[in-house]
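Asker: So that we are looking at the same thing, I have put the structure below in structure tokens.
Nothing in this text is a laboratory measurement; each read-out follows from the coordinates by a stated rule. The structure displayed is predicted, hence computed values, not measured ones. Note that each Cβ is placed from the backbone with ideal geometry, even for glycine, and that neighbours are counted across all protein chains shown.
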Amino acid sequence: MRIDVVTIFPGYLAPLDEALVGRARRAGLLDVRVHDLRRWASGVHKAVDDAPYGGGPGMLMTAPVWGAALDEVTASGDDDAVPRLLVPTPAGAPLTQRRAAGWASEPWLVLACGRYEGIDARVLDDARRRMPVEEVSLGDYVLAGGEVAALVVVEAVSRLVPGVLGNPASAELDSFAEGTAGLLEAPAYTRPERWRDLDVPEVLRGGNHAVVDRWRRDRSLERTAAVRPDLLDALVARHGAAAFD
Ligand code: SAM
């Protein structure tokens, strides 16, 4: 899978050389390319922003600079390849495991990192004429730029790309995944069996897989009901009462 990230702070994406994503890049499973947006800016100051029409505080990233960058990056694929453009913004639909899983089966993603008050809206209108475009939010808060969101998207997507995780079953049993019915994962334990007078639950040491599965399912339901009742509502909406069979 190929992933391009366009940003005015390429150094911010350095963690993509580390850990799981770094290993996947070196193994040839991911082709990640980070581009400095200022390469497409002109003038002595290489400005990428200007004041917003209609007034208001802050600056906006300009359409000509982003347009030139996206034209070049999105035309650099093989043959007629067209990427999916992902644009981090608090005004986007929330990032979910389901969306990340969908993107993990795409051959090519391009991430456009905004700064200041964001990007001139015409950049996305123009891109939509040539490629699928999705706006994505990390949550209901405002970051200073899209780079952290790009890191999050790349990591969430990468671990779902076949071959990237050593054991693909671990992703299937994660919180929000099919194996946990879209709910939160149950609490987990490893050795030692007793630590600071706290014991690993007896049921996990018994070796009865059916009982362990039931226990994990109950803890998953409890935990989800306590902090994410919306996930239980979604499960019931999908499967009705059969969700709890
Ligand atoms: N004026 C924008 C608004 O109110 O929607 C906020 C701009 S924010 C200061 C600058 C950039 O940070 C955005 O263009 C986006 O790339 C990124 N950003 C901020 N919050 C984000 C979030 N919750 N999810 C994804 N990206 C975010």
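Asker: Over all directions, what mean area does the Cα convex hull of the chain project, stated in square nanometres?
Answerer: Result: a mean projected hull area of 18.1 nm².
Asker: Expressed as a fraction of 2.2 N^0.38 Å, the rule-of-thumb size for a compact globular protein of N residues, what is the C-alpha radius of gyration of the stretch 173-244?
Answerer: 1.23
Asker: How much length, in nm to one decimal, is gained on full extension between Val212 and Arg228, taken as 0.36 nm per residue of separation minus their Cα-Cα distance?
Answerer: So the extension gain works out to 3.5 nm.
Asker: What value, in deg cm²/dmol to 500, does the helix sum -39500 (n - 2.57) over DSSP H runs of n ≥ 4 give at 222 nm once divided by the residues of the chain?
Answerer: -10000 deg cm²/dmol
Asker: Now for a separate question. Would you mind ranking Arg159, Arg191 by Cβ crowding within 10 Å, fewest neighbours first?
Answerer: Placing the least packed residue first, the sequence is Arg191, Arg159.
Asker: Net charge around Asp17, counting only other residues with Cβ within less than 15 Å of its Cβ (Lys, Arg = +1; Asp, Glu = -1)?
Answerer: 0
Asker: Only four residue types carry charge here, +1 at the Cβ of Lys and Arg and -1 at the Cβ of Asp and Glu. Report the dipole size of the chain about the Cα centre in Debye, rounded to the nearest 20.
Answerer: So the dipole magnitude of the chain works out to roughly 420 debye.
Asker: Projected onto the charge dipole of the stretch 2-158 (+1 at Lys/Arg Cβ, -1 at Asp/Glu Cβ, origin at the Cα centre), which of Gly58, Leu95, Ala14 gives the Cα projection farthest towards the positive end?
Answerer: Projecting each Cα onto the dipole axis, the largest value belongs to Ala14.
Asker: Still on this structure, please answer the following. Using the count of nearby Cβ atoms within 10 Å as a rough guide to exposure, how do Ser105, Ser175 rank from fewest to most?
Answerer: Ser105, Ser175
Asker: Additional query: Distances over 11 Å make up what percent of all Cα-Cα pairs in the stretch 26-67?
Answerer: 73 percent
Asker: Follow-up question, since we're still on this one. Which listed residue (Ala144, His209, His239) has the Cα farthest towards the positive end of the charge dipole for the chain, taking +1 on Lys and Arg C-beta and -1 on Asp and Glu C-beta about the Cα centre?
Answerer: Positive-most Cα among the choices belongs to His209.
Asker: Let me ask you something else. When the dipole is taken about the Cα centre of the stretch 173-244, and only Lys, Arg (+1) and Asp, Glu (-1) are charged at their Cβ, what size is it in debye, to the nearest 20?
Answerer: 120 debye
Asker: Something else about it: Run the numbers on the stretch 110-211 and let me know its relative contact order in percent, using alpha-carbon pairs under 8 Å that are six or more apart.
Answerer: Reported relative contact order: 15 percent.
Asker: Normalised by the residues of the stretch 173-244, what does the relative contact order come to in percent, with Cα pairs under 8 Å and at least six apart?
Answerer: Here the relative contact order equals 30 percent.
Asker: Would you mind ranking Tyr53, Tyr189, Tyr12 so that the residue whose beta carbon has the fewest other beta carbons within 10 Å leads the list?
Answerer: So the ranking, lowest neighbour count to highest, is Tyr53, Tyr189, Tyr12.
Asker: Hey, another quick one. Tell me the net charge near Val153. Cut-off is 13 Å between Cβ atoms, Val153 excluded, with +1 for each Lys or Arg and -1 for each Asp or Glu.
Answerer: Summing Lys and Arg as +1 and Asp and Glu as -1 gives -3.
Asker: Please tell me the relative contact order of the stretch 2-158 in percent, rounded to the nearest whole number, where contacts are Cα pairs under 8 Å and at least six residues apart.
Answerer: For the stretch 2-158, the relative contact order is 30 percent.
Asker: How big is the dipole moment of the stretch 1-119 about its Cα centre under a simple scheme where the beta carbon of each Lys and Arg is +1, that of each Asp and Glu is -1, and everything else is neutral? Debye, nearest 20, please.
Answerer: It comes to approximately 380 debye.
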